[in-house]
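Please treat every number below as a calculation from the coordinates, not as lab data. Quantities reported herein were computed from a predicted structural model and do not represent experimental measurements. For neighbour counting, all protein chains shown are included, and Cβ atoms are generated from backbone atoms with ideal geometry for every residue, glycine included.
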Amino acid sequence: MTEVTTGMYPFYERPFDIELALEICNGKRPAFALETPSCYIELAKLCMDPDLQKRPTAETIRDKLTEWHSFVKESNDYDEFDELNKSDELDEFNKPDECNEIDESNEKLQIINEFMIADMRISELAITLKEHPDIIYQYASKFINTHDIAQQYKKRSNQHDIYDVGSIPLKFQLT
């Protein structure tokens, strides 16, 4: 998801090697572009959570993206800022239901505003990648030797037979 915001592959500036794999196992995550909508960053961080049980389902991701898309699309058809100005005239303290509606409207306006700003920033993104000797192989599907990564993780963690990658304990038998 960070690739969408930056226009570059995650960790494009580094070779994909054991060192990077170990850093990712220890929590390293790619950076987001400036002015990426905060709701998008929150969702992306959930997708990268080391605990698989905390990651959203594909359906949840689709629903969120669809919701945000509809907010922005609606804002092109309807001027929500005028509606918000009308709602400012309401006495929020005497009408709690309307207060909740105002909070939801403000959140919706914030999401719309952040996506509009991000859309303006897209044209400024660099789409070129820094060259590496293995750049052609770096982003293609390839075999990853998890055995070597597990051995290095064990060596660096001073653990025996059990590795805690995030909150998921994994057992490896090293020969």
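The length gained on full extension between Phe143 and Asp103, counted as 0.36 nm times the residue separation minus their Cα-Cα distance, comes to 9.5 nm.
Counting beta carbons within 10 Å around each of Glu74, Glu35, Glu59, Glu114 and listing the fewest first gives the order Glu59, Glu74, Glu35, Glu114.
Each residue of the range 58-72 was assigned a 3J(HN,Hα) from its phi angle through the Karplus expression (A = 6.51, B = -1.76, C = 1.60, θ = phi - 60°), giving 4, 5, 5, 4, 4, 4, 5, 4, 5, 4, 5, 4, 5, 4, 5 Hz with x at Gly and Pro. Ranked by the mean number of other Cβ atoms within 10 Å per residue, highest first, peptides 48-58, 17-27 order as 17-27, 48-58. Extension gain for Ile122 to Lys64 (0.36 nm times residue separation, less C-alpha to C-alpha distance): 18.8 nm.
Per-residue extension of 0.36 nm, minus the Cα-Cα distance of Asn113 and Lys154, leaves a gain of 10.1 nm for this segment.
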